[in-house]
Amino acid sequence: MVTILGIESSCDDTSAAIVRDGILMSNVIASQAVHEEYGGVVPELASRAHQQNIVPVVDAAIRRAGIDKKDLSAIAFTRGPGLIGSLLVGTSFAKGMSLGLRIPIIDVNHLHGHVLAQFVREKADDRVPEFPYLCLLVSGGNSQIILVRSYNDMEILGRTIDDAAGEAFDKCAKVMGLPYPGGPHIDRLAAEGDAKRFKFAKPHIAGLDYSFSGLKTSFLYTLRDGIKADPDFIEHNRADLAASLQRTIIDILIDKLSKAIDSTGVKTVAIGGGVSANSGVRAAVAELCAAKGVEAFIPERKFTTDNAAMVAVAGYFKYLDKIFCPYDTAPYARVEI
Ligand code: KG4
């Protein structure tokens, strides 16, 4: 029996999960409300909150799984990319606990975790994708199309050259006066709006890469009165602005995903990352896959945003391949898969 504790502390969620023989036994997430009043994550406050949360969160994950800490085979932790102070909390905790229990540690790339979120199974017969497949990874910091050949072998085919899709949602939402993070608010408002009302710029980027900064500029331009966003205009056009913005982001994402399906000939497509919680993105990916005759894997919403279940699962597959890390492993703020 292989039992893995996963720890996620890359941004503003402290999370711990237990996976036993590939099946999720518990997944505990403590979100940090402290950032709301600042309109974005404040790194120093995030690391302090992680320090307060980590012991009770790990303890709750072990108890809810109905196991003892002595049953653990290894501890997997998010090494990066993310906020360095936050990552240090999870990394140091994992090292200390593994030394105490005399079990190995496994470093997990956060993006690798998002990709493998498709393999978080709550029951043994839950469906999982077959290799090779494409993963559209769309989060607050990343927008990538990844060819996944196996659990520990993946290649980025396209990536954003500037902002990420989640950033486009959040930054445009911010100028509309919506709370952080704005993505879910745009999603909610978009359901009541006319997506054809406003036209925003779409990028012309070669290959499978993305760009979202031009869209952001053209969105700001639409809202402005002189050089400032016009509050009356925003108030009267809230739903249409949200719907048109969401539609444009989806069109940009789907255009490259469609090209990637054609050029690779894969038979399966999955989505991951916080933006894959978006109702429009989920529907558009399902529609594209149906039209192309490929299978779509749309994860449950609770596994799209940051969580330790995906870290524990990624750690589980590394454990099976005996890929561990030494104790001088340091976290990293930025890296590619
Ligand atoms: O993967 P994630 O939790 O972590 C980061 O990479 O930061 O993604 C967070 C991102 C934020 O930009 C948030 O606005 C976006 O995911 N997001 C959404 C929705 N839910 C979360 N964007 C659009 N629609 C949603 N329903």
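The values are calculated or read from the model by the stated rules, or taken from the named source; none is laboratory data. Given the structure is predicted, the values throughout are model-derived calculations rather than measurements. Ideal geometry is used to build each Cβ from the backbone, glycine not excepted, and the neighbour counts take in all protein chains shown. Each accessible area value is taken on the protein alone, full model and side chains, heavy atoms only, with ligands, DNA and RNA left out. Shrake-Rupley method; radii C 1.70, N 1.55, O 1.52, S 1.80 Å.
Structure remark: mean-square fluctuation, Gaussian network model of the chain, C-alpha springs under 10 Å; the largest value among 54, 161, 29 belongs to 161.
Normalising by residue count, the stretch 79-202 has a Cα convex hull of 187 Å³ per residue. Between the exposed loop cleavage positions of the chain, defined as trypsin sites (Lys or Arg not before Pro) in a non-H, G, I, E, B DSSP state with at most 10 neighbouring beta-carbon atoms within 10 angstrom, the longest gap is 197-321.
Only alpha carbons enter this Debye calculation for the stretch 133-298, each as an equal point scatterer, and the log10 of I(q)/I(0) it gives at q = 0.10, 0.15, 0.18 Å⁻¹ is -0.36, -0.77, -1.06.
With Cα atoms defining each centre, the stretch 1-37 and the stretch 269-336 are spaced 14 Å apart in the structure.
Computing FRET efficiency as 1/(1 + (r/R0)^6) for residue 131 and residue 232, where r is the C-beta to C-beta distance and R0 is 56 Å, gives about 0.60. GNM on the chain, alpha-carbon springs under 10 angstrom: the most fluctuating residue among 136, 220, 111 is 220. The lysines within cross-link reach of residue 95, meaning a Cα-to-Cα straight distance under 23 Å and a gap of 8 or more places when in the same chain, are 69, 70, 318, 322.
Solvent exposure of the chain amounts to 44 Å² per residue of accessible area, where only protein heavy atoms count and the probe is 1.4 Å. Of the peptides 85-93, 1-9, the order by per-residue mean of other Cβ atoms within 10 Å, starting with the highest, comes out as 1-9, 85-93. Under 21 Å Cα-Cα from residue 302, which lysines qualify once same-chain neighbours fewer than 8 residues away are excluded? Those lysines meeting the cut-off are 123. Look at the alpha carbon pairs under 8 Å that are at least 6 residues apart: their mean separation over the length of the chain gives a relative contact order of 25 percent. A Gaussian network model of the chain, with springs between Cα atoms under 10 Å, assigns the largest mean-square fluctuation among 290, 61, 165 to 290.
Can you tell me, using C-alpha contacts under 8 Å and at least 6 residues apart, the relative contact order of the stretch 133-298 as a whole percent? Across the stretch 133-298, relative contact order equals 28 percent.
Gyration tensor analysis over the Cα atoms of the stretch 253-292 returns equivalent ellipsoid semi-axes of 18, 10, 9 Å (largest first, whole Å).
Over the stretch 73-148, the reciprocal of the mean inverse Cα-Cα separation, the Kirkwood hydrodynamic radius, stands at 14.3 Å.
Here the Debye sum runs over all C-alpha atoms of the chain as equal scatterers in vacuum, and log10 of I(q)/I(0) at q = 0.08, 0.11 Å⁻¹ comes out as -0.38, -0.71. Placing unit charges on the Cβ atoms only, positive for Lys and Arg and negative for Asp and Glu, gives the stretch 133-298 a dipole magnitude near 140 debye about its Cα centre.
If eta is 0.890 mPa s and T is 25 °C, what Stokes-Einstein diffusion coefficient results for the stretch 1-62, Kirkwood Rh from Cα pairs, in µm²/s? D, rounded to a whole number, is 200 µm²/s.
Shown here for the stretch 91-161: GluC sites (Glu not before Pro) in loop regions (DSSP other than H, G, I, E, B) with at most 15 other Cβ atoms within 10 Å, namely 122, 130. Applying 1/(1 + (r/R0)^6) with R0 = 41 Å to the Cβ-Cβ distance of residue 123 and residue 322 gives a FRET efficiency near 0.90.
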